[in-house]
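Structure first, then comments.
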Amino acid sequence: MKLSTTTLSSILMATSALAAPLTEARREARALRARGPSNRASHPPYKVDTTELLTLTNETQVEYSSNWAGAVLIGTGYTAVTGEFTVPTPSLPTGANRYSQYCASAWVGIDGDTCGTAILQTGVDFCIQGSSVSFDAWYEWYPDYAYDFSGISISAGDTIRVTVDATTLTAGTATVENLSTGQSVTHTFTGGVDGDLCEYNAEWIVEDFESNGELVPFADFGTVTFTSAEATQNGRTVGPSGATLIDIQQGRSVLTDVSVSSDSVTVSYV
């Protein structure tokens, strides 16, 4: 069937209106890949209010970062990380501009801190603009940018399992499962990535990610608890107990509170 110009324009406008904001941003980023950086990207943790990278230690006190909150295991031989969480309903923080988009992201990953060359990660973004909320499942091999998964829908209240598995230092898989709907998507990295893993870190993180090279306005995400939180280290299963904890601090305000148990990581917006 041949479509008229008017009909085709209507279809395109309707498709654009239905697309999630971050999905559109990533589509634009793919088109701009040859010319510049992505619109949406995760980034290793920054020191508070700087663009200097925060290098964690195994010390017990909480560290502070502009963009990461959660738990990071530090060692060698980390090849897989998994966790489950309930998708929160984001809300606007106190004093927010209701016309701006506020976001946060929950993910698991390998490397990104004491290894600065790569992060294998996957997770879910949750955003709010005015009264409209949107959710995106994504995968990323940093320093490349994030890509949306297709074939999975996500709503507030869904239970999500996220898993990354490194088969070599340049290959692996990223999987997002919606346990509430039975949907599951996986991306396989087969090499040709922009940086090699070190297998030094395993992490469960809520992030204030970047768009167009700047941190997005940070949403009030309530609480994200990663349950069944496990990592594989040198062939054995370990939990997050004993991990280095990070809270997000922007300016003089500490925006999160993190706690861990033997098999869970809880990140709360304060």
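Which residues, taken from the range 154-197, are aliphatic (A, V, I, L, M) and touching a Pro at 6+ places or on another chain (Cβ under 8 Å)?
Once the filter is applied, which keeps residues that are aliphatic (A, V, I, L, M) and touching a Pro at 6+ places or on another chain (Cβ under 8 Å), the range 154-197 yields only A156.
What strands (runs of 3 or more DSSP E) lie completely within the range 216-270 and have 2 or more residues being closer than 30 Å to T167 by Cβ and over 18 Å from the mean Cα position of the chain (by Cα)?
Fully inside the range 216-270 and qualifying: 223-233, 236-238.
Restricting attention to the range 163-192, report how many residues are of a type in the set (D, E) and either in contact with a Leu (Cβ under 8 Å, 6 or more places away or on another chain) or farther than 21 Å from V87 by Cα (or both).
1
If you scan the range 199-215, which residues turn out to be under 15 Å from the mean Cα position of the chain (by Cα) and of a type in the set (F, W, Y)?
W204, F209 - these are the residues of the range 199-215 that are under 15 Å from the mean Cα position of the chain (by Cα) and of a type in the set (F, W, Y).
Right, G116: modelled with pLDDT under 90, surrounded by 16 or more Cβ atoms within 10 Å (Cβ to Cβ) and assigned to a loop (DSSP other than H, G, I, E, B) or not?
yes
Scan the range 59-91 for residues that are part of a loop (DSSP other than H, G, I, E, B) and either modelled with pLDDT of 95 or more or of a type in the set (A, V, I, L, M) (or both) and report the count.
Within the range 59-91, residues that are part of a loop (DSSP other than H, G, I, E, B) and either modelled with pLDDT of 95 or more or of a type in the set (A, V, I, L, M) (or both) number 10.
Taking the options T89, T51, T114, name whichever one is free of Cβ contacts under 8 Å to residues at least 40 places away in the same chain, at negative phi and out of contact with any helix residue (DSSP H, G or I) (no Cβ under 9 Å at 6 or more places or on another chain).
Of T89, T51, T114, the one residue that is free of Cβ contacts under 8 Å to residues at least 40 places away in the same chain, at negative phi and out of contact with any helix residue (DSSP H, G or I) (no Cβ under 9 Å at 6 or more places or on another chain) is T51.
Among the residues of the range 94-112, which ones are assigned to a loop (DSSP other than H, G, I, E, B) and farther than 19 Å from D165 by Cβ?
Those that are assigned to a loop (DSSP other than H, G, I, E, B) and farther than 19 Å from D165 by Cβ: T94, G95, A96, N97, R98, Y99, S100.
Go through the range 138-152 residue by residue and tally those that are surrounded by fewer than 24 Cβ atoms within 10 Å (Cβ to Cβ) and touching a Phe, Trp or Tyr at 6+ places or on another chain (Cβ under 7 Å).
So the first thing to find is which residues in the range 138-152 are surrounded by fewer than 24 Cβ atoms within 10 Å (Cβ to Cβ), and the list is 142-145, 147-152.
Checking which are touching a Phe, Trp or Tyr at 6+ places or on another chain (Cβ under 7 Å) leaves us with 147-149.
Within the range 138-152, residues that are surrounded by fewer than 24 Cβ atoms within 10 Å (Cβ to Cβ) and touching a Phe, Trp or Tyr at 6+ places or on another chain (Cβ under 7 Å) number 3.
Please give the number of the condition A69 fails out of (1) surrounded by 23 or more Cβ atoms within 10 Å (Cβ to Cβ); (2) more than 13 Å from the chain's Cα centre (by Cα); (3) under 22 Å from Y200 (Cα atoms); (4) not acidic (D, E).
Condition (2) is where A69 drops out.
Quick check on Y102: is it crowded, with 18+ Cβ neighbours inside 10 Å, within 27 Å of L56 (Cβ to Cβ) and in contact with a helix residue (DSSP H, G or I) (Cβ under 7 Å, 6 or more places away or on another chain)?
no
The values are calculated or read from the model by the stated rules, or taken from the named source; none is laboratory data. Note that the structure is predicted; figures quoted are calculated from it, not measured. Reconstructed Cβ throughout: ideal geometry from the backbone, glycine too, with neighbour counts over all protein chains shown.
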